[in-house]
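A.B. asks: What follows is a structure written as structure tokens; I'll ask about it next.
The values are calculated or read from the model by the stated rules, or taken from the named source; none is laboratory data. Everything numeric here is computed off the predicted structure, so don't read it as measured data. Cβ placement follows ideal geometry from the backbone for every residue including glycine, while neighbour counts extend to all protein chains displayed.
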């Protein structure tokens, strides 16, 4: 299963109504972490999903509810650890790719500016 959106798995817009207090709490946390607002909301949503899945797993492990005969919670725990490791690896790769894209964009902007300046200079020379 792909963790990133792809052409066949488009990004979906979610709209959620929250109280002003919750919105304020979100904004404070996002500011404290130095995140962009949209990124912060995505991070919080992802962390919430992870927390709920972890809590469900722990509740099932402690109570045996939902356990199938012979189910080994240690194996499930390892599966979650492997999944977390893959997500962390993917995040590290995406952060580096983002850095590279930002650097390329900066270089492109500088190059585009230089071409525009040269174009204006050549037009000035042509007009003279």
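A.B. asks: In region 72-90, what residues are loosely packed, with under 13 Cβ neighbours inside 10 Å and assigned to a helix (DSSP H, G or I)?
C.D. replies: 74, 75, 78, 79, 81, 82, 84, 85, 86, 88, 89 - these are the residues of region 72-90 that are loosely packed, with under 13 Cβ neighbours inside 10 Å and assigned to a helix (DSSP H, G or I).
A.B. asks: OK, next. Residue 107: more than 25 Å from the chain's Cα centre (by Cα), over 23 Å from residue 43 (Cα atoms) and either outside the structural domain of residue 43 (by TED's automatic domain parsing) or at pLDDT below 80 (or both), yes or no? Working first, answer last.
C.D. replies: Numbers: more than 25 Å from the chain's Cα centre (by Cα): no; over 23 Å from residue 43 (Cα atoms): yes; either outside the structural domain of residue 43 (by TED's automatic domain parsing) or at pLDDT below 80 (or both): yes.
Judged against the criteria, residue 107 is not a match.
A.B. asks: Oh, and also: Out of everything in region 55-71 that is in contact with a helix residue (DSSP H, G or I) (Cβ under 7 Å, 6 or more places away or on another chain) and surrounded by 12 or more Cβ atoms within 10 Å (Cβ to Cβ), what residue ends up being modelled with the lowest pLDDT?
C.D. replies: Here the answer is 67.
A.B. asks: Here is a list: 30, 12, 52. Which entry is in a loop (DSSP other than H, G, I, E, B) and either touching a helix residue (DSSP H, G or I) at 6+ places or on another chain (Cβ under 6 Å) or at pLDDT 80 or above (or both)? Can you show your working first?
C.D. replies: Numbers: 30 fails: in a loop (DSSP other than H, G, I, E, B); 52 fails: in a loop (DSSP other than H, G, I, E, B).
Just a single option satisfies the conditions, and that option is 12.
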